[in-house]
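Structure first, then comments.
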Amino acid sequence: MNRAIDIRIDGDLGAIYRLGAEIEHWPQLLPHYRDVKILWQDGNRCVAKMYASRDGIPVSWMCWQERDPDTPRVTFRHIGGFTRGMVAVWTFDQHDDDTVTARITHEFRKGWPIQGLDRFVTDTIVGEFFTHNIAGKTLGMVKLLAEADRDSQRAAISGQPSAISHQTVG
């Protein structure tokens, strides 16, 4: 499996990068992530146990994460679970109109000797059914959060009310 999914976001590059990189906050921000346990951390590297849900189906894996804020890039190497060996890379491209394309690329092959079965499992079940679904939800929420943050910043600068209304009910 070699798949990429991306989304264009009207938001601050740094904020978008942090939403993708700071996995310790994902359970509070991303409804399809049930939990993330940081097992070890040293600077921009960590080992984490990830717990997500694919429309009610629980999935989990262990990964080694490397954050490179200067590039910006986030690399995940799955080191435990059914997807052991998968590499997922987040990249972020800033455009002239101040939008950012966030892209997640996944590479994975189980390496089973029966190639047809290996392709079916990695491309269809892991790739299409699980990975594409979860990555798509993750990018969709990153877009929603980053654009809401950008709207709030613009409103504060212009002195105009933000698109998010706050009402007192009494």
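Okay, here's what the table says:
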quantity	calculated
10 Å beta-carbon shell around G85, net charge (K/R +1, D/E -1)	+3
MRE, 222 nm, helices only [DSSP H, n ≥ 4, -39500 (n - 2.57), over the chain, to nearest 500]	-8000 deg cm²/dmol
Whole-number D in µm² s⁻¹ for the stretch 35-85, Kirkwood Cα-pair radius fed into Stokes-Einstein, 25 °C, 0.890 mPa s	211 µm²/s
Accessible area in the full protein assembly, largest first, 1.4 Å probe, for H95, H25	H25, H95
Inter-probe distance in nm under a simple model that places probes 7 Å from Cα toward Cβ, at I79 and I125	2.6 nm
Carbon plus sulfur fraction of accessible area for the chain, probe 1.4 Å, in percent	52 percent
Gyration tensor verdict on the chain (Cα atoms; rounded if a/c is under 1.5, prolate if a/b is larger than b/c, oblate otherwise)	prolate
Å² per residue, accessible surface of the stretch 89-142 at 1.4 Å	50 Å²
Solvent exposure of the stretch 1-78 as accessible area per residue, Å², 1.4 Å probe	50 Å²
Helix 132-158 vs. the chain, principal-axis angle (Cα, 0 to 90°, nearest 10)	20 degrees
Over the stretch 13-97: Rg over Rh, Cα atoms, Kirkwood Rh	0.98
Fluctuation leader among P113, P69, P58 - the chain, Gaussian network, Cα springs under 10 angstrom	P113
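The values are calculated or read from the model by the stated rules, or taken from the named source; none is laboratory data. What you are looking at is a predicted structure, and each value in this text was computed from that prediction instead of being measured. Positions of Cβ are backbone-derived with ideal geometry, glycine not excepted, and every protein chain shown enters the neighbour counts. Surface accessibility is based on the protein's heavy atoms, side chains included, excluding ligands, DNA and RNA. Shrake-Rupley method; radii C 1.70, N 1.55, O 1.52, S 1.80 Å.
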